[in-house]
Every structure is written in structure tokens, then in C-alpha cells.
Amino acid sequence: MDAKMDIKAPRGVRDILPDESWKWAYVLDAVAKTMADFGHSEIHLPIFEQTELFSRGVGDTTDIVEKEMYTFVDRGDRSITLRPEATAGMVRAAIEHGLCEQNASAKLWCWGPMFRYERPQKGRYRQFFQIDAESLGLAGPVADVEIIALSAEIFRRLGLKNLEVVLNSVGCPNCRPLYRQKLIDHFSARKGELCETCLGRLERNPLRLLDCKKPECGAIADAAPPIYESLCEECAAHFEEVKAGLTRLNFSYKTDKRLVRGLDYYTKTAYEILSGDLGAQNAVCGGGRYDNLSESVGGPHLPGVGFAAGIDRIVLVMEQQGSAFGKRPGAEIYVAAQDDSGRCPEARSAAQVLTHSLRMAGIAAEQDAGDSLKGARAFKAQMKSASGSGAGWLCVLGPSELAQGAVTVKNLQSGEQFSIALQDALQGRGPWGRRPCSRQAE
Ligand code: HAM
């Protein structure tokens, strides 16, 4: 089947093929275990929401809302948006289902596709996947430290190297207006040197001026007053306690006065985890506190803190660093039928039954499903598939085996050969030993 099709996956969107998908399963297994260890329960959220949730939650002067959302009007005339991130949906779900009523808190996590109309490049896609953890109803700095520690622990368990935790505080509605004004004064004085994007931000979102990657604007941003001098007492104390907590837990981190995140809902803590092996799109993880997000989407006061990490980027870094992904799932036993050039069709039937029995015993088995009514292809072709299958063992069923009620078993690595009772093999017993029924045997 060599013919190509004109229809391709849309730009910026990719298929995660079997060569990569098993690595995702490995990452997600480690993520699920770590989330459970830190007390986060999994939640499944819709991938589309009312547009307002994002325009009000993420902020209508952010790049995401201004130019990156996949928004459409559905057949019921409602404005719908494919989620560009999960935090707003998480808060919406917690409020809608009363998960944080009567001062209760909820520690949740989810994973799945997010959608942003960004310029595709290495590590940046229009459909990408995030793992996302949120602690809702928790206002104290211990929750911030737990979230940062959780993200770092996931990466530690996955063996990611060359990472850096970068931390900042972005203040709150009490202290930010003062800082905002300081930034406006600072940047306005050098207005003529600013790029087009920064000029726009000066009007609409001055905090983001600190984020410009262009060297000329960056130099002006470097000289801007740091937010620390403007933080109110509460934000300053919160920031100190987050730093002290990280130090207590032996985390190394760097503070960066220019770290402001691309989403408007942050208050107090903002952080990112950067990889030295990703090029321009170097953030594997970003997060922070958002104590007013709930109110901005019409909900009650509900403080929260969380993070999201890109699965595509995690796998990319792990591949680049030559990390282990466990064992790729695949056939352990290949079952071949030697049907004596069609004179022994029973061999094919027995191979079909043995393959299924092995699978029922929790052993990954493969057979040649064949390309005709007869079933398996010629024995030589089956041998070729067996050696390409990655299986460790070969079971052969032919006229002489059937006459003796036996199976010939070959260790494909050592070449050693055995004859075992067919009855035993049908129970899953053999020199390969019993394997537990698991998705991914270690
Ligand atoms: P974010 O920084 O926009 O934060 O995204 C978090 C992570 O998602 C990034 O660090 C990156 O690994 C991955 N990511 C983002 N955009 C793309 C893309 N186009 N292609 C591939 N990967 C991407 C948020 O989304 C916040 N909701 C995080 C958060 C949770 N804050 C509080 N709670």
C-alpha cells in the first residue's frame, strides 16, 4: 500500500505513532503514580468549553486569547473554544460540582490535548498534550511548595537532567497596580527603542513587557525595577515562605525578576522549569498561583495553585538525553504453523488456539494472521515475521507436534530448542515462565 493521499494532518498537528506512543504510556504511568503519592486525584475534563471561560479566565489581553484560540460557533449558536489550557476548566468543574464547598480543598490532575494556534516549530505544536495538576482551596505557601515539588519529582522519577527551576512573584491586585505604573514609567521613557509587540503591551499588558525575547527590549527589561520592592506585605511574606520551603526540601532554584507568565490569572507565585536541551521552546513546565481566577469567571473566592507540563516536550527531552522508557511492549512468543504445504490445516487451527490461550494467560503472543482464507502464510514467511517481531520465543506447531500432543519451543536468542506438552503451553506454561497480566511488563 504505497499510494499517498492528498489529505494530511493539519499544520502543527501530529500523529503519535507506535514508535513513540509506548514512551508516552511510560511517562503517564510515572505521572499517575507521582500524582497519587502527592494526593492528587485524576479528573477528566471536556476538551471544549464556553469561550468566555478562557477570555475572562486566561485574560483577554493575553496572546492565547488575542490570537491563539480555536473558537467557533456551534450549531446551537454558542461560542465554543477548544481548550488552550486546563486550569480554567479545572476551576470551572470544581465550582460546578461543589468540590470545594464549605472550605474543602481539592487536589486534582488531568492530562490530554490542548489547542493553540501558534507558529509550529520543534517542541511547539497546535495540538499538544499537557499533564496538569491543581490544588484548589489552598491559600498558603505550603501548597505552592507542594506543587513545585510535585512537578520536580515527576521529572526526577523520569530521569530528566539539566533542568532549572525559575521562580518569581507577580504580586496581587493590591500591589500590582503600583508596580504596573513603575513599569509604564520605565518603559515609556524608552518608548522609541521598543518593538511593535512591546508598544502594544505598554498599553494593554505592561507586565508582559518583561517577557520580550528581543535583545534590545530585553536590555530595557533588565534595567526595569524588580517587583520585589513593590510587593505588599502579604505577597512578600508568601514569596519568602515559598523560597524557604523549597530550600527546606533541598530544591535548588533561581529567582528571575523577569519571569511573568503568558496567562493573566497569576497572583503571587509564578514558576517555570526549563530544560537546557530544548532550544527556543525550553519550558517543560509552567505554573503558579491564581487566587482570583475563580472570581474572574463569576465564581466564589477560590484560591489555587498548579502547574502544567508538556508531554510532547518531556518525551523529546528524554529521547535527546537517551533516557530509559522501560521495555517496549511487544510479543513475547511468536506462534508459527507448519502446515506441510496445506496438507495439515489442523496445524493452523492449533496455532490460532495456542496464540489466543497464551494471550488469555497474560502472555503477549503473536501469530501470522495470513493473507488468505487459509490463514497463516508459508512457513518461511512466518519465520521472517517471527524474527522481526522482537519475540523472545518461537512456538511451532506442525504435523509431528500434533501427532505427539507437543509444541516445539525455541529460544530465539540462544537458539536452544525444547519440546513441551501442548496441554502445558495452552495453560501458558513453558520455559518462558509465567508473566503477570500487565500493560507494560518491566
Ligand atoms: P503554559 O506555560 O502555557 O501554562 O503551558 C505549560 C506547558 O505546556 C509549557 O511549559 C510547555 O511544556 C507546554 N506547552 C505549552 N504550549 C505548547 C505548545 N504549543 N506545544 C507544545 N507544548 C506546549 C499553562 O498552560 C497553565 N495552565 C499552567 C498552570 C496550571 N498554571 C497553573 N496551573
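The order of the peptides 401-412, 258-269, 8-19 by mean Cβ neighbours within 10 Å, most packed first, is 258-269, 401-412, 8-19.
With +1 on the Cβ of every Lys and Arg and -1 on the Cβ of every Asp and Glu, and nothing else charged, how large is the dipole of the chain about its Cα centre, in debye rounded to the nearest 20?
The dipole magnitude comes to about 880 debye.
Roll a 1.4 angstrom probe over the protein heavy atoms and tell me the percent of accessible area of the chain that is carbon or sulfur.
Details: 11150 of 21770 Å².
C and S atoms contribute 51 percent here.
Place a +1 charge on the Cβ of each Lys and Arg in the stretch 187-331 and a -1 charge on the Cβ of each Asp and Glu, then give the dipole magnitude about the Cα centre in debye, rounded to the nearest 20. Please list the in-between numbers first.
Numbers: 18 positive and 19 negative charges, 80 e Å.
With Lys and Arg at +1 and Asp and Glu at -1, about 380 debye.
Using a cut-off of 9 Å between beta-carbons, work out the net charge of the residues near THR62 (Lys and Arg +1, Asp and Glu -1, THR62 not included).
Within the 9 Å Cβ shell, the charges total -4.
Filter the cross-link list LYS67/LYS107; LYS23/LYS161; LYS122/LYS327; LYS182/LYS257; LYS191/LYS268 down to pairs whose alpha-carbon distance in this structure exceeds 20 Å. With Cα atoms farther than 20 Å apart: LYS67/LYS107; LYS122/LYS327; LYS191/LYS268. Look at the dipole of the stretch 333-440 built from charges on Cβ: of ILE363, ALA336, SER385, the Cα furthest out on the positive end belongs to ILE363. To the nearest 500 deg cm²/dmol, what mean residue ellipticity at 222 nm is calculated for the chain from DSSP H runs of n ≥ 4 alone, each contributing -39,500 (n - 2.57), summed and divided by the residues? When only DSSP H runs of four or more count, the value is -10500 deg cm²/dmol. Considering only the chain, what is the antiparallel percent among its DSSP beta bridges, to the nearest 5? Of those bridges, close to 80 percent are antiparallel.
The values are calculated or read from the model by the stated rules, or taken from the named source; none is laboratory data. All values reported here derive from a predicted model rather than from experimental measurement. Reconstructed Cβ throughout: ideal geometry from the backbone, glycine too, with neighbour counts over all protein chains shown. Quick note on the areas: whole protein, heavy atoms, side chains included, nothing else; ligands and nucleic acids left out. Shrake-Rupley method; radii C 1.70, N 1.55, O 1.52, S 1.80 Å.
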